[in-house]
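No lab work stands behind these numbers, since they all come straight from the coordinates. Computed from a predicted model, the values in this text were never measured in an experiment. Methodologically, a virtual Cβ is constructed for each residue, glycine included, from the backbone with ideal geometry; neighbour enumeration extends over all protein chains shown.
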């Protein structure tokens, strides 16, 4: 019995020292070969994806009517963003409820493209409502309006959101 | 090409550093920020696609330096390389880095490229290539990767058996930020492997005492204690071993093995009752665990050593029941895997939402094929293959959805064609008429402008006569003609009056010439404002007209090619999924069969031990009865 338990111990030591035991019947070459093929197909599919993205933009959002709205957070602001509502010329364009991962990505400096659509050339009004919680966990809600002008090129609008402590809770920038 | 790759390494900053590193570069670029938004959520496919698309569009524009994106283009190029590494596209990222290494570049950039390539080789289990690459680093290494480069170098030396060199480096990294515990652990291992057993054990002992709030550091602390404990057990020092094994946290990836080893240490010291303490905890844990299964034999063994043979026999019986159940489960698992259920379960979408999905899988009663997945996940090869399988499944889903997109695009194009094609001929006809009128008016305007310009240097007052003045002049000329030959006194008077009136008009035109010229300019400017407006409307119409055509013309070929590429890719993905899936099934079945084999051995051991315990229990009972009878 002691011998048996010693065998167990030796087995355990080997597994600790060598890390994981790989399946012998599947060779390293096979694993490597298929891994390389997977990388190749990823490259192909990424190429198709990029092509489709350009096709989509050209077909659905031509530059003379395209407007894209981006959302980011003021640097270092730790308020909890729950949702954002956006309307253009009084009509709801989009609303978004944030997951924890999305919020974390925004807090680390990521920028979310929240809306891409089409508007006519000329003046337009953008209304934004943010809903969230302050650092002290109290409800936090802000609304702001912004006028932007659409001309021949694509119009990009950046909306920077900040918590209750900031002087400007919703800041707009034409980009 | 090299220039692109140089850009790639121009600004080496990891994904996590975007916010910090862009703090001084206001304003931040929206497209780059968007890619990072996806990358932060580990959506590397979307991150790469977004940035690739932006870069492709950026390189196509005529004056890229006028585009604000040019300020970030270098960083974007590098970021794509980083995302590709994170998306496990080592080849593509590796090729880019190799090009930098072979180019005539700044030593810091080359060294960073060498570091990154060496890291890829190390991760891909190619130790010789990793060593060759890391040794290409000569001279200055960028400050921000200095510790990481040293740590990687030490790891590479270790896998190549150069433990002395590794230990020297790790000595200097023990207090390096971010490497707490890891450098110390590896130093301990390197020293032991180098034959400096005492120093290695001391080092692992120190690593096993570090305090931290970081889960990764706590795990490496546990690992140091575990490895040290088993090392001491192997060299017959169970008393020493136990103190290290007992330091391992009760909850954590090394807990089961530590409890098993702790009981073992007690057993070796002859403290059978104490061995029961950790093993009794362990036997209540998940029965699929290898350590748990071993403890099922350990507990009755300890009772037997305590001469409690009856209880031992009973517990061996329990162990046999448990092994039987596990063998049934393993058998069901193998059958289920063979019938393809394993792969189906792995790609279940709801499981991906939970970061502990591997653990959850083990708890799902309806998925026997996944009970032993935790053990499979311990294998790097299995993990890498599983990730590839997930990536392929994601690609498959994307490709399927793109078919729908392409169908929708074709539908949109057909609708647009049906709407515009009947309208456009009439619009074009009307436009051509208006166009010729517009051209005529603009030519007239240009002629007036030329004439006024000429009149600045060669005054022509007659040109600025008003319409009334011209009519009067014509009337006077007509009257002059009429009375030219009238010899009557009245005729003479009329000719004199005509002359006077002609003189008056001539006087007006000539004396007010400057004012008339100024007025003419002002009027032309007023006309210019209208002409400008006309041109704007014209341009707007032309754009709209072009947009109407562009909204449905010229896509057919592009869509056809995209569809073909998508179909080819789908076929490849499908073939690769089948191959990768089969490989995973083989790995899983092999692992499970090993577990079956081990459990069968346990069963044999348990049966013998149970029989022995029964015998001893019966004997002890008989001896007890006899002594009572005496």
Which FRET efficiency, nearest 0.05, do residue A:43 and residue B:447 yield, Cβ-Cβ r, R0 51 Å?
0.25
Quick one: helix B:197-207 against the long Cα principal axis of chain B, what's the angle to the nearest 10°, folded into 0 to 90?
60
If each of residue B:123 and residue B:522 carries a label point 7 Å out from its Cα toward its Cβ, how far apart are those two points in nm?
7.6
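Based on DSSP H runs of at least 4 residues, each adding -39500 (n - 2.57), what is the mean residue ellipticity at 222 nm of chain A after dividing by all its residues, to the nearest 500 deg cm²/dmol? Walk me through the numbers on the way to the answer.
Numbers: 3 runs with 58 residues, N = 175.
Taken over chain A, the calculation gives -11500 deg cm²/dmol.
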Roughly how many Å is it from the Cα centre of the range B:503-562 to that of the range B:167-226, as a whole number?
79
Quick check on the range B:508-630: what are the equivalent-ellipsoid semi-axes from the Cα gyration tensor, as sqrt(5λ), descending, whole Å?
107, 25, 9
In deg cm²/dmol, rounded to 500, what helix-only [θ] at 222 nm does chain B give when every DSSP H run of at least 4 residues adds -39500 (n - 2.57) and the total is split over its residues?
-26500 deg cm²/dmol
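Quote the FRET efficiency, to the nearest 0.05, computed for residue B:390 versus residue A:171 with a Förster distance R0 of 35 Å and r equal to the Cβ-Cβ distance.
It comes out at approximately 0.35.
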Taking all pairs of distinct Cα atoms, average 1/r, flip it, and tell me the Kirkwood hydrodynamic radius of the range B:558-630 in Å to one decimal place.
18.0
Using only the Cα atoms of the range B:131-189, build the gyration tensor, take square roots of its eigenvalues as a ≥ b ≥ c, and label the shape rounded, prolate or oblate: rounded if a/c is under 1.5, else prolate if a/b is larger than b/c, else oblate.
oblate
Packing-based order for B:552-565, B:155-168, using average beta carbon neighbours within 10 Å, highest first:
B:155-168, B:552-565
Separation between Cα centres of the range A:53-91 and the range B:570-601, rounded to whole Å
45
Whole Å is fine, so just give me how far the alpha carbon centre of the range B:263-319 lies from that of the range B:95-134.
51
Quick one: what does P(r) look like for the range B:378-446 with 5 Å bins over all Cα pairs, in whole %?
3, 13, 9, 9, 8, 8, 8, 7, 7, 6, 6, 5, 4, 4, 3, 2, 1, 0
In degrees between 0 and 90, to the nearest 10, how far off the longest principal axis of chain B does helix B:380-457 point, with axes built from Cα atoms?
10
The percentage of Cα-Cα pairs in chain A separated by more than 23 Å is 60
Honestly the range B:201-287 on the Cα gyration tensor test (a ≥ b ≥ c root eigenvalues; a/c under 1.5 rounded, otherwise a/b vs b/c for prolate or oblate) is just oblate
For labels at residue B:471 and residue B:432 in the simple 7 Å Cα→Cβ model, what's the distance in nm?
3.9
Can you tell me what the convex hull of the Cα atoms of the protein assembly as shown projects to on average, as an area in nm²?
53.6
At a Förster radius of 25 Å, what calculated FRET efficiency corresponds to the Cβ-Cβ distance of residue B:106 and residue B:143, to the nearest 0.05?
0.95
Averaged over B:36-44, how many beta carbons belonging to a partner chain fall within 10 Å of each residue's beta carbon?
5
Quick check for you: which residues of the range B:514-544 have the amide N under 19 Å from the point 7 Å beyond the Cα of residue B:419 toward its beta carbon?
B:541-544
Mind giving me the nanometre distance, one decimal, between the label points for residue B:539 and residue B:57, set 7 Å out from Cα along Cα→Cβ?
2.1
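Starting from the Cα-Cα distance between residue B:197 and residue B:478, subtract it from 0.36 nm times their residue separation and give me the gain in nm to one decimal.
88.1 nm
Length gain on complete extension for the stretch residue B:285 to residue B:164, per 0.36 nm per residue less the alpha carbon to alpha carbon distance?
Extra length from residue B:285 to residue B:164 when fully extended: 39.5 nm.
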When the Kirkwood radius is taken over all Cα pairs of the range B:448-511, what Stokes-Einstein diffusion coefficient follows at 25 °C and 0.890 mPa s, in µm²/s?
185
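For A:51-63, what's the mean count of beta carbons from other chains sitting within 10 Å of each residue's beta carbon?
On the way: counts 9, 12, 8, 6, 7, 4, 2, 5, 11, 4, 0, 5, 2.
The mean count of partner-chain Cβ atoms within 10 Å per residue comes to 6.
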Using only Cα positions of chain B, each an equal point scatterer, no hydration layer, compute I(q)/I(0) via Debye at q = 0.05, 0.08, 0.09 Å⁻¹ and quote the log10 values to two decimals.
-0.48, -0.85, -0.99
How would A:173, A:150 line up from fewest to most surrounding beta-carbon atoms within 10 angstrom?
A:173, A:150
Per its Cα gyration tensor (rounded if a/c is under 1.5, else prolate when a/b beats b/c, else oblate), the range B:82-131 is best filed as oblate
Cα axis of helix B:513-550 to longest principal axis of chain B: angle in degrees, 0 to 90, nearest 10?
40
